[in-house]
Amino acid sequence: MLMHSKKTYTVQEATRKLEHYCAYQERCHQEVRKKLESLHMIPDAIDVIIVHLLEHNFLNEERFAKTFVSGKFKIKAWGRRRLTYELKKKDISKVNINQALAEIDNTEYIEVFNDLAEKKSNLITETNIYKKKRKLIDYLLYRGWETHLVYEKAKELFG
């Protein structure tokens with residue numbers, strides 16, 4: 001019978017591996033913990049490695065939250081509600097979420113929203129005005145834009 005042995009790592013090896021993992025891209029604690037579990041590290045070793053990563057600034061949730069918000073807002077045009085939801089799923093603290101969201105310039109936020117709404121509105125091929133309006137509203141709400149903004153914009157575009 002052939003036994004498949006799982007590769008095992010010493011704490012030092014796993015630490016180096018996770019330093020690279022965190023240096024490549026900002027990570028949150030949850031991602032790092034999952035990665036260490038996938039390397040079959042025991043809970044005590046996981047804690048030791050996470051403390052090391054925090055002490056050496058490889059892991060910083062405030063920085064992660066700011067980078068995440070900035071990237072998803074600029075690249076995916078997510079609104080504040082979606083950004084908050086996704087960060088909460090990653091167990092990011094309310095304080096870090098609020099600090100990250102505060103970095104979004106309000107003028108830019110509204111510009112991105114208006115551009116997104118107008119582009120999407122022009123791309124919806126639906127001929128029925130009510131269905132077209134509904135599709136736009138659903139799209140913008142899914143992307144996490146605030147309800148009042150979405151409905152005001154839909155009214156502005158479709159009456």
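The values are calculated or read from the model by the stated rules, or taken from the named source; none is laboratory data. Just so you know, these numbers come straight off a predicted model, no measurement behind them. Cβ atoms come from the backbone with ideal geometry, glycine included; neighbour counts cover every protein chain shown.
Among the candidates ILE104, ILE75, ILE97, which residue alone is β-branched (Val, Ile, Thr), outside any helix (DSSP H, G or I) and within 15 Å of the chain's Cα centre (by Cα)?
Exactly one of ILE104, ILE75, ILE97 is β-branched (Val, Ile, Thr), outside any helix (DSSP H, G or I) and within 15 Å of the chain's Cα centre (by Cα), namely ILE104.
Taking ALA117, is it assigned to a helix (DSSP H, G or I), more than 18 Å from the chain's Cα centre (by Cα), of a type in the set (Gly, Ala, Ser) and at pLDDT 95 or above?
It is true that ALA117 is assigned to a helix (DSSP H, G or I), more than 18 Å from the chain's Cα centre (by Cα), of a type in the set (Gly, Ala, Ser) and at pLDDT 95 or above.
Name the pairs: first residue in the stretch 50-67 and over 23 Å from LEU101 (Cβ atoms), second residue buried (at least 17 other Cβ atoms within 10 Å of the Cβ) and among the polar types (S, T, N, Q), Cβ to Cβ under 6 Å, at least 6 apart or on different chains?
Taking only residues 6 or more apart or on different chains, the pairs are HIS52/THR15.
Need pairs with beta-carbon distance below 9 Å; first residue within 19 Å of LEU157 (Cβ to Cβ) and within the stretch 90-116, second among the aromatic types (Phe, Trp, Tyr); sequence gap 6+ or separate chains.
TYR109/PHE73; VAL112/PHE73; PHE113/TRP145; LEU116/TYR139; LEU116/TRP145
Within the stretch 129-147, is there a residue that is of a type in the set (Ser, Thr, Tyr), touching a residue at least 24 places away in the same chain (Cβ under 8 Å) and surrounded by 14 or more Cβ atoms within 10 Å (Cβ to Cβ)?
Within the stretch 129-147 (the criterion being of a type in the set (Ser, Thr, Tyr), touching a residue at least 24 places away in the same chain (Cβ under 8 Å) and surrounded by 14 or more Cβ atoms within 10 Å (Cβ to Cβ)), the answer is no, since none of the residues qualifies.
Can you name the residue in the stretch 120-137 that is assigned to a helix (DSSP H, G or I) and out of contact with any helix residue (DSSP H, G or I) (no Cβ under 9 Å at 6 or more places or on another chain) and, of all such residues, is farthest from LYS72 (Cα to Cα)?
Only one residue tops the list, namely LYS131.
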